[in-house]
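All remarks here apply to the structure that follows.
The values are calculated or read from the model by the stated rules, or taken from the named source; none is laboratory data. Everything numeric in this text was worked out from a predicted model, so none of it was measured. Here the Cβ positions follow ideal geometry from the backbone for every residue, glycine too, while neighbour counts run over all protein chains shown. For the accessible areas, the whole protein counts, side chains as well, though only heavy atoms, and no ligand, DNA or RNA atoms are used. Shrake-Rupley method; radii C 1.70, N 1.55, O 1.52, S 1.80 Å.
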Amino acid sequence: MSSEPAEPGFLGPYRAGADAFRRRLAGHMRRPGFELLVAEAVRPSGATVLTACAYGFPVRGTGPWWQGLDGYLPANLVRVAASGKLFAVAGVLVDRRVRTQDLTREWNLARRLQKRLLEDHIGALGVTLVDHLDVDTYQALLAWGWRCPPAEGGGPSRFAPRRLLVLR
């Protein structure tokens, strides 16, 4: 999950994040079933601008998306993935304000985008991965309705590089 993109020509810390987001997006676009939603706004000048986006794709129980979680996936998620009912919300790009204000409100833009991605996949369970060290994103996702799956057989290791979250 990412926060606001860098302004063109800005070479500060957000630039590296924006470049990394674009690289991930370009790789994910090649996945079968890839979907991208965008939110736009019209400025007072009449110009239409991109304000947010969310994207994802169906995932199975094996493959590179799960890298680093081998042995930590709950058996019930592996079964759901095998049935074709697992949809990865792989990226949500929203303004920093959306990540810090009104997180629990149903009208929050990030919440609406991720919910809309899942609506086209009736009965699908949303999954996402977040780096263990990215506490801000983890807390925002929890506020947007994501939950940690119930632990099975000891649950995920605190040494796993990423956390798995689910959204119904």
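Taking 7 Å steps out from each Cα toward its Cβ at Val42 and Asp120 produces label points 2.5 nm apart. Note on exposure: Leu50, Leu36, Leu133 ranked by accessible area (1.4 Å probe, complete protein assembly) read Leu133, Leu50, Leu36, with the most exposed listed first.
Multiplying the residue separation of Thr62 and Cys148 by 0.36 nm and subtracting their alpha-carbon distance yields 29.0 nm. Kirkwood radius and radius of gyration were both taken over the C-alpha atoms of region 78-148, and their ratio Rg/Rh is 0.98. Take 40-48, 108-116 and order them by the average number of nearby Cβ atoms within 10 Å per residue, most first; the result is 108-116, 40-48. Placing a pseudo-label 7 Å from each Cα along the Cα-to-Cβ vector at Gln139 and Arg24 gives an inter-label distance of 1.9 nm.
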